[in-house]
2 protein chains.
Amino acid sequence: MTANLSYPPRDQSGPATVSGRVKLDELAAHLGLSKSTVSRALNGYPDISSTTRARVEKAARVLGYRPLSHAQAIRTGQVRAIAMVINSEEPDQHNPFLQDFLAGACEAASCLDWTMTISTATSEKDTLKVLSRLYEERKADGFILPRTAVKDARIGLLRSLGVPHILYGRTGYGQPNDWDETSWFDIAGESAMRNAVLRLSNLGHTRIGFVGSDPKFNYAHLRRDGYAEGLHAAGLPLDPDLIQEGARTREDGAAQGRVLMAWDQPPTAIVFATDLAALGFCADAQDQGLEIGRDVSVIGYDGIPECRYARPALTTFSVDSRAAGVRLATLLIRQIRGEVAADLRELAEATLIEGGSDGPPKLTSHELAQKLNHLT
Amino acid sequence: MTANLSYPPRDQSGPATVSGRVKLDELAAHLGLSKSTVSRALNGYPDISSTTRARVEKAARVLGYRPLSHAQAIRTGQVRAIAMVINSEEPDQHNPFLQDFLAGACEAASCLDWTMTISTATSEKDTLKVLSRLYEERKADGFILPRTAVKDARIGLLRSLGVPHILYGRTGYGQPNDWDETSWFDIAGESAMRNAVLRLSNLGHTRIGFVGSDPKFNYAHLRRDGYAEGLHAAGLPLDPDLIQEGARTREDGAAQGRVLMAWDQPPTAIVFATDLAALGFCADAQDQGLEIGRDVSVIGYDGIPECRYARPALTTFSVDSRAAGVRLATLLIRQIRGEVAADLRELAEATLIEGGSDGPPKLTSHELAQKLNHLT
DNA sequence: TTTGTTGCCGAAACCGGTTTCGGAGCAAAC
DNA sequence: GTTTGCTCCGAAACCGGTTTCGGCAACAAA
């Protein structure tokens, strides 16, 4: 590389100092105080008289003084930034949550004068590299880890590095409590699934199927368990034939729904762990000639916008991504500021949004099977 | 198994110093050189012998040395970060592009060892405040401005501050060239609209309508002009009755499409400036009993994923958001590094994705009007 | 041999903050 | 009157890099 041998391009815009910026020195000079006093006054040190402190704070406000975060960071070691790395390789990655989530997280961070950095990675391994790099260069003081897996390498990495982090979702399903020290925020998908089953049961359904998500994700297990709990609470038997797992895309949802519908006694209602899979099934079932909400009822989970625009609209349990962003950012910052990670945990509930995709069964399971035979 | 699941103990080492990090001092000591020499070697200064440079670079790699970006920033004034502020208040803000766009921008930034920071704002005014704050605290060295308006306050602000920025979209439609110094990247929506009209004309349509977007955005004008150009190229007259503007949501699209269809001589095809509006119209028209792609043809623009899942799939001009992210990040970084802003401009094309929403007209405009009368 | 050059590197200043440490000033206690 | 203790502030070190400047060799030209 010949480029290495030449000087890096210089900043042509004169001095490196930002034009209108007020520096700590200047603020101090303006006040007739030393910069150390001013700094301590602004940072809440107790050895500053309250009158001086008030004077400093006012002057800072008037002159519009803002410390450079990286200048502070060099001494404090903190850049007042949190980060999230998303894996853009995931098949179901085009989540419309992202914008809402970011809005929430950024807002919460802004309120505390923090910022949010985001990065993408192209694989699981790459995610680890990006996390390391961000932390080594200290672009962030802590991380939000979205889409937690049952066994999640990110957690191990960050923990061994001693880097603050918070999970969006829980982890370690079915494993001895080795996660006691981690903080997390999650939506109780299990209780939503449970309620979905109860709702369908109340409508008169007795054969209720379930199409779950990729078991590598922790939530997949929780939602499946919630489905099972719901059956139990409704006094219905659990038929393993009515359970499918691993659907992440619309196509998956359609395919796995078909499997369930192909049994001799097909379900008259199906609960899906994700909206995407549910929508895929609905479209496919309609193509086959089934009437969603009458021949077969469907309930989803996530609350993606498409649910509203499907016909019939999909009944789903909606996750407030914006609120999730707010909570996660807030909890993470509290952790970075010194609170104990294990104490920073929250579980929120999803909200039922009624569409037209579920209703009382028009046909018995047997009749439905006959209709399906007829259609093929 | 369980042993694998347990995590290494927390890093107990003192506060400020990162545990395993290698500092410039240490790297220099390890090499028996002064830290200034090592620094210059790594930064491509010419007064370092190539053998020394090679030795330093190798040692840095082996020891895993990474400079703290904020420590560099304090002297250089650059944090090697770019940022984007999105306005989460916008009604059509649910763009699924965001993830793709970020993936592209982050990837491009990562390659150059930069990072991408993102923030959200709640209004136009708030956007300006967030931009100022980010720059004052030097969380970023430059900005990507998405969704450019005809008159865009962000540009004025950043320009007056002397902050590097690049537009995603053009600006200043119909105004004297006041933007000659700005750099931008855009997709030629106008040529897509033009091609859409030509395509419909070739299919046999002679009355082709247009539903545009909010005129406050620059692209709205360009796309409308592209539509007009297409008519001209096809030798068709421009009928002002067939033009609507300001549709941003699905609901808007449905409403404004209805306006066009209510004329005595309704269009047999409509070009929409956005997919969202087009999808809204399609759903509404289908509810009325029209057959999309036969009674009325529809072409959209954006290439959002829903197009594929609509029935019929929407014919649309798809924007490669990922590529846009790559280019914008790359150009912005080049600008920050000293290249002239006005030289950093690129215009890309959208790609036609054929769906079933357009086809030869089954009915004449007159017949279509009669059918519509019949339906109501 | 002397006098530039040139190539290469080290010492030290510097960036803009934070934090430590010590000392001035004053009041209360002895 | 001295000592003690407390409040409040300034001087200076410090964080981890970058950049300036000067100097020492080695070599070429005079």
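The values are calculated or read from the model by the stated rules, or taken from the named source; none is laboratory data. The model shown is predicted, which means the values in this text are computed figures rather than measured ones. We place every Cβ from the backbone using ideal geometry, glycine too, and count neighbours over all the protein chains shown.
Of the set (1) small (G, A, S); (2) away from DNA strand C (no atom under 11 Å from the Cβ); (3) at pLDDT 90 or above, all apply to A:A73 but (2). Counting only helices (runs of 4 or more DSSP H) that sit completely within the stretch B:58-147, those holding 1 or more residues that are more than 7 Å from chain A (Cβ to nearest Cβ) and crowded, with 24+ Cβ neighbours inside 10 Å correspond to B:97-111, B:124-136.
Exactly one residue out of B:T315, B:T330 is farther than 20 Å from B:G293 by Cα and crowded, with 17+ Cβ neighbours inside 10 Å: that is B:T330. Touching a residue at least 60 places away in the same chain (Cβ under 8 Å) and within 14 Å of chain B (Cβ to nearest Cβ): is that true of A:H165 in this structure? Yes.
Scoring B:A277 on the criteria (1) buried (at least 17 other Cβ atoms within 10 Å of the Cβ); (2) within 14 Å of chain A (Cβ to nearest Cβ); (3) in contact with a Leu (Cβ under 9 Å, 6 or more places away or on another chain) leaves a single failure, condition (3). For A:P361, the conditions (1) loosely packed, with under 14 Cβ neighbours inside 10 Å; (2) in contact with a His (Cβ under 6 Å, 6 or more places away or on another chain) all hold with the exception of (1).
Restricting attention to the stretch A:208-223, the residues that are over 19 Å from the mean Cα position of the chain (by Cα) and surrounded by fewer than 23 Cβ atoms within 10 Å (Cβ to Cβ) add up to 0.
Considering B:E346, B:E367, B:E339, the condition of being part of a strand (DSSP E or B), of a type outside the set (K, R) and surrounded by fewer than 17 Cβ atoms within 10 Å (Cβ to Cβ) is satisfied by B:E346 alone. If you go through the stretch A:291-305 and pick out every residue that is surrounded by 20 or more Cβ atoms within 10 Å (Cβ to Cβ) and at negative phi, you end up with 9. Residue count for the stretch B:47-70 satisfying the condition of being under 33 Å from the mean Cα position of the chain (by Cα), farther than 30 Å from B:D126 by Cβ and within 12 Å of DNA strand C (Cβ to nearest atom): 1. Of all the residues in the stretch B:26-46, those that are within 9 Å of DNA strand D (Cβ to nearest atom), in a loop (DSSP other than H, G, I, E, B) and more than 42 Å from the chain's Cα centre (by Cα) number 1. Do we find that B:A234 is among the aliphatic types (A, V, I, L, M) and either modelled with pLDDT under 95 or over 28 Å from B:E90 (Cβ atoms) (or both) in this structure? Judged against the criteria, B:A234 is a match. The residues in the stretch B:312-338 that are basic (K, R) and free of Cβ contacts under 8 Å to residues at least 24 places away in the same chain can be counted, and the count is 2.
Hey, among A:E57, A:E90, which residue is assigned by TED's automatic domain parsing to the domain that holds A:L158 and of a type in the set (D, E)? Just a single option satisfies the conditions, and that option is A:E90. May I ask you to verify whether A:E137 is under 26 Å from B:H70 (Cα atoms), assigned by TED's automatic domain parsing to the domain that holds A:L102 and out of contact with any His (no Cβ under 7 Å at 6 or more places or on another chain)? Yes, satisfied. Is there a residue being at the interface with chain B (Cβ under 9 Å from one of its Cβ atoms) and either at pLDDT 90 or above or surrounded by fewer than 17 Cβ atoms within 10 Å (Cβ to Cβ) (or both) anywhere in the stretch A:20-41? Within the stretch A:20-41, one or more residues are at the interface with chain B (Cβ under 9 Å from one of its Cβ atoms) and either at pLDDT 90 or above or surrounded by fewer than 17 Cβ atoms within 10 Å (Cβ to Cβ) (or both).
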